[in-house]
1. Just for strands (runs of 3 or more DSSP E) wholly inside segment 179-224: which have at least 2 residues that are within 20 Å of the chain's Cα centre (by Cα) and buried (at least 22 other Cβ atoms within 10 Å of the Cβ)?
2. From the list Pro86, Pro93, pick out the single residue that is closer than 21 Å to Leu241 by Cβ and touching a Lys or Arg at 6+ places or on another chain (Cβ under 9 Å).
3. From Leu340, Leu366, Leu372, grab the single residue that is assigned to a strand (DSSP E or B), over 15 Å from the mean Cα position of the chain (by Cα) and touching a residue at least 12 places away in the same chain (Cβ under 8 Å).
4. Tell me, which residue of segment 263-313 that is in contact with a strand residue (DSSP E or B) (Cβ under 6 Å, 6 or more places away or on another chain) and β-branched (Val, Ile, Thr) is farthest from Thr8 (Cα to Cα)?
5. Within segment 375-385, track down each residue that is over 30 Å from Pro224 (Cβ atoms), buried (at least 24 other Cβ atoms within 10 Å of the Cβ) and either within 13 Å of the ligand (Cβ to nearest atom) or without any contact (Cβ under 8 Å) to a residue 60 or more places away in the chain (or both).
6. Tally up the residues in segment 303-320 that are over 14 Å from Gly235 (Cα atoms), outside any strand (DSSP E or B) and of a type outside the set (Gly, Ala, Ser), please.
7. It is to be established whether one or more residues within segment 37-49 are part of a helix (DSSP H, G or I) and surrounded by 16 or more Cβ atoms within 10 Å (Cβ to Cβ).
Amino acid sequence: MNPFVNETHDAALRSWVEQANATGTDFPVQNLPFGAFKRRGSQGAPHIGVAIGDQVLDLAAALDAGCFTGAAAHAAALCRGPVLNPFLALGQPAWSALRLALSRLLRTGAGSTQPSADVAARILVPMRDAELLMPVAIGDYTDFYASVHHATNVGSMFRPDNPLLPNYKWVPIGYHGRASSVVVSGAPVRRPVGQVMPDGAAAPTVGPSARMDYELELGAIVGPGNALGAPIPIGEAAAHLFGFVLLNDWSARDIQAWEYQPLGPFLAKNFASTISPWVVTAEALAPYRTAAYARPAGDPAPLPYLTDATDQSLGAFGITLEVALRSATMRESGASPHVLSRSQATDLYWTVAQMLAHHASGGCNLQPGDLLGSGTISGATKESRGCLLELAWRGTEPVKLPAGEERRFLQDGDEVVMRAWCEREGSRRIGFGECLGTIVAATA
Ligand code: CA
């Protein structure tokens, strides 16, 4: 029995927005992800919207048209834009009330509060006419390292005899990232210039990174959060998780290799991180909740402050993630992005609730709109390695692209496209849309 599932997840629900019923759409009526947008070319302020099929529902317009009452109206009133933060601060009951009202507004049949055609025309914007913007003002960004396969692969390149450090299975490892350079899908990503130490050289050089990489991650968006000094118990952590985006933690491996000791990544990762524009709510993902990672025999059990029965039985999410690459040559010839790898969020060693509870356990205050990255999501097989560093094994096994090109690391003009979706018998498939970024040449 999954207590997180409710009527909004019913696989039989259909929408009067026809495209929301299409096979393979990311945005059926069971999904209802939140984002920020404005009409293309408009000078107006951004609005908060909800993706439905090939349309965006404008929450402010729907509120003004009388589509919501009670708690849902109160919640929608905090979604006038330009970002989701005031709504995130409201917490789970308000998020749920608005989701239920949206589900009833957008569905057909029993329980529907379908609007008139006139109102429908006023509250929907075709997605092709919408410019998607940063959905959240991110106050703080923390990136974890929760894929044991990624940590083992990367560790084995540098320490073949001892790939996993002794703290890994006890502490959700993370570092504080840079919030100001988090950008939304579609924004160009400029190759950074930085200090590197060439093999065998006596002194470092400064120049454009020659080892640009992507990292395939999930980003968790924090809800209410906690006061300074007041930790979030693990049993309450799920209530502070609003939802997820795709996250590309762009990494300059040559800059990273020289600068990372002893304090970890700095300029190698702070020049840009890309997120997808639609925040898929934790509630939408309820049918895809599953048991936490099964620790192999001999691994320590999580410490009590990271252990909760519900989190252990339903704290992981069955999300498939994919990364694809399209070079400038491929784009010019009209080729589609070439899929490089697929991995599973269930391969994360720690649940998001464990990461969140650990983050706050020392008294650090999480705030509405904080972004928590999962770390690169890699699986046990080569086909499931979530960054080029692993996939091309430090450049020693170049990745082949369909037209004969090879990649050890990213080149200028390369477009990296990440996608994710959830599929399961008896539930409606939902998706995350795209997280896209194209590498542009370093500033001379
Ligand atoms: Ca990362």
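The values are calculated or read from the model by the stated rules, or taken from the named source; none is laboratory data. Predicted model, so just to flag it, every value in this text is computed and none were measured. Every residue, glycine as well, gets a Cβ built from its backbone with ideal geometry; the counts of neighbours run over all protein chains shown.
1. In segment 179-224, the matching strands (runs of 3 or more DSSP E) lie at 216-222.
2. Pro86
3. Answer to the check: Leu340.
4. Ranking the candidates gives Thr274 first.
5. Of everything in segment 375-385, just one residue is over 30 Å from Pro224 (Cβ atoms), buried (at least 24 other Cβ atoms within 10 Å of the Cβ) and either within 13 Å of the ligand (Cβ to nearest atom) or without any contact (Cβ under 8 Å) to a residue 60 or more places away in the chain (or both), namely Ser378.
6. Matching residues across segment 303-320 total 1.
7. Applying the first criterion (part of a helix (DSSP H, G or I)) to segment 37-49 yields none.
Within segment 37-49, none of the residues are part of a helix (DSSP H, G or I) and surrounded by 16 or more Cβ atoms within 10 Å (Cβ to Cβ).
Results for (1) part of a strand (DSSP E or B); (2) of a type in the set (A, V, I, L, M), shown as yes or no for each residue.
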residue	(1), (2)
Gln114	no, no
Asp143	yes, no
Thr152	no, no
Ser156	no, no
Leu165	no, yes
